[in-house]
Amino acid sequence: MQIMGLNREPGFWFILGGEARLWLAAGRVPEGTPPGVVDRPGELFDHWQGRPCYLLDLGEGEPGEGFAPLRSLMEAGDEEAFRLAGRAWQLVNFRRTHRFCGSCGAPSVPSTREWAMVCREGHTVYPRLSPCIIVAVRRGAEILLAAHRRHHQPVDPMYTVLAGFTEPGESLEQCVAREVFEESGIRVTNIRYVASQPWPFPHSLMMGFMADYESGELTVQEEELVDAGFFTPAALPRLPPRGTIARRLIELTLAAIEGEAS
């Protein structure tokens, strides 16, 4: 059962508005009740540094000044604040998108016992999680990196590792092999799990892997990628920010390459 309740003691406030935007005070998650922003109680959803964390959704409209994208916490290197903000956003997004029961069509309301939405017939739904793999592929002294179409910018594009959602009836390892082949035409081997990271855009759970090149010629799937290539540690493009599992997988692969070369 999830922690729930109204605020009763000072704590951290995760105040969300618009599309994944968070109210920050001097770039940090505020403590106490920020004046001029909160006029109603928040809900207890977690604890941090021994203090409660409160969640408040101001709605889908433009929240105004003082709000910043969740990613700003990650880019600032505040990993635990980003994780908690991501959890808060996923809970908010879940409620916003489950206002009606998918079974009977009646309005749904938040459960008083747990993080769930319940209709008048008692049908209960829980926050959605979408399992997703992300993988760094190594070929000898090179790493496979790609510029993804969904966040491509022509000037100084960011290159990262390959990723994709798991399909029904598919293991994580099968998903790794399929996604790599679909997006790059490459077959991989020696697939091994590294770590996971919740990713709140909008409700993914990223499971990170490393794999080795087995065979195939690089063929870019144009619907997903703008470009892809094998890069050496000495000639890397712009990489994703630290704090992301993508950057961690890249750095682990580069460290292994450089360790073998020394």
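The values are calculated or read from the model by the stated rules, or taken from the named source; none is laboratory data. Predicted model, so just to flag it, every value in this text is computed and none were measured. All Cβ positions, glycine included, derive from the backbone under ideal geometry; neighbour counts span all protein chains shown. Just so you know, the surface numbers come from the protein's heavy atoms only, side chains and all, with ligands and any DNA or RNA stripped out. Shrake-Rupley method; radii C 1.70, N 1.55, O 1.52, S 1.80 Å.
For the range 16-32, does any single residue satisfy the condition of being among the β-branched types (Val, Ile, Thr), in a strand (DSSP E or B) and modelled with pLDDT of 90 or more? Looking through the range 16-32, none of the residues is among the β-branched types (Val, Ile, Thr), in a strand (DSSP E or B) and modelled with pLDDT of 90 or more. Within the range 92-109, being polar (S, T, N, Q) and assigned to a strand (DSSP E or B) holds for one residue alone: SER108. Residues in the range 215-233 that are open to solvent by 50 Å² or more (accessible area, probe 1.4 Å), at pLDDT 95 or above, within 15 Å of ILE143 (Cβ to Cβ) and not hydroxyl-bearing (Ser, Thr, Tyr): LEU218 alone.
Looking at the range 127-184, which of the residues that are among the charged types (D, E, K, R) and in contact with a Leu (Cβ under 7 Å, 6 or more places away or on another chain) is farthest from GLY86 (Cα to Cα)? For the range 127-184, the residue satisfying everything is GLU183. Residues in the range 115-124 include at least one that is over 28 Å from TYR213 (Cβ atoms), in contact with a helix residue (DSSP H, G or I) (Cβ under 8 Å, 6 or more places away or on another chain) and at pLDDT 95 or above. I'd like to check something: does the range 178-196 contain any residue that is within 15 Å of ILE245 (Cα to Cα), in contact with a Gly (Cβ under 7 Å, 6 or more places away or on another chain) and either in the same structural domain as SER72 (by the TED database) or β-branched (Val, Ile, Thr) (or both)? Checked the range 178-196: at least one residue is within 15 Å of ILE245 (Cα to Cα), in contact with a Gly (Cβ under 7 Å, 6 or more places away or on another chain) and either in the same structural domain as SER72 (by the TED database) or β-branched (Val, Ile, Thr) (or both). Every residue in the range 166-188 that is in contact with a Phe, Trp or Tyr (Cβ under 8 Å, 6 or more places away or on another chain) and under 12 Å from ALA136 (Cα atoms), please. Once the filter is applied, which keeps residues that are in contact with a Phe, Trp or Tyr (Cβ under 8 Å, 6 or more places away or on another chain) and under 12 Å from ALA136 (Cα atoms), the range 166-188 yields VAL176, VAL188.
Yes/no matrix, rows are residues, columns are (1) farther than 24 Å from LEU236 by Cα; (2) at pLDDT below 95:
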| residue | (1), (2) |
| --- | --- |
| PRO154 | no, yes |
| TYR159 | no, no |
| LEU162 | no, no |
| GLU167 | yes, no |
| ARG178 | yes, no |
| GLU183 | no, no |
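Considering each residue of the range 40-47 in turn, at least one proves to be crowded, with 18+ Cβ neighbours inside 10 Å, closer than 21 Å to GLN90 by Cβ, modelled with pLDDT under 85 and not basic (Lys, Arg). The number of residues in the range 234-262 that are basic (Lys, Arg) and open to solvent by less than 50 Å² (accessible area, probe 1.4 Å) comes to 1. Taking the range 220-252, which residues are farther than 17 Å from SER196 by Cβ and among the hydroxyl-bearing types (Ser, Thr, Tyr)? Once the filter is applied, which keeps residues that are farther than 17 Å from SER196 by Cβ and among the hydroxyl-bearing types (Ser, Thr, Tyr), the range 220-252 yields only THR232. Can you find a residue that is under 20 Å from SER196 (Cα atoms) and touching a Phe, Trp or Tyr at 6+ places or on another chain (Cβ under 8 Å) anywhere in the range 110-120? The answer is no, given that none of the residues of the range 110-120 is under 20 Å from SER196 (Cα atoms) and touching a Phe, Trp or Tyr at 6+ places or on another chain (Cβ under 8 Å).
Check the range 203-210 and report whether any residue there is over 15 Å from the mean Cα position of the chain (by Cα) and surrounded by 14 or more Cβ atoms within 10 Å (Cβ to Cβ). Yes, because at least one residue in the range 203-210 is over 15 Å from the mean Cα position of the chain (by Cα) and surrounded by 14 or more Cβ atoms within 10 Å (Cβ to Cβ).
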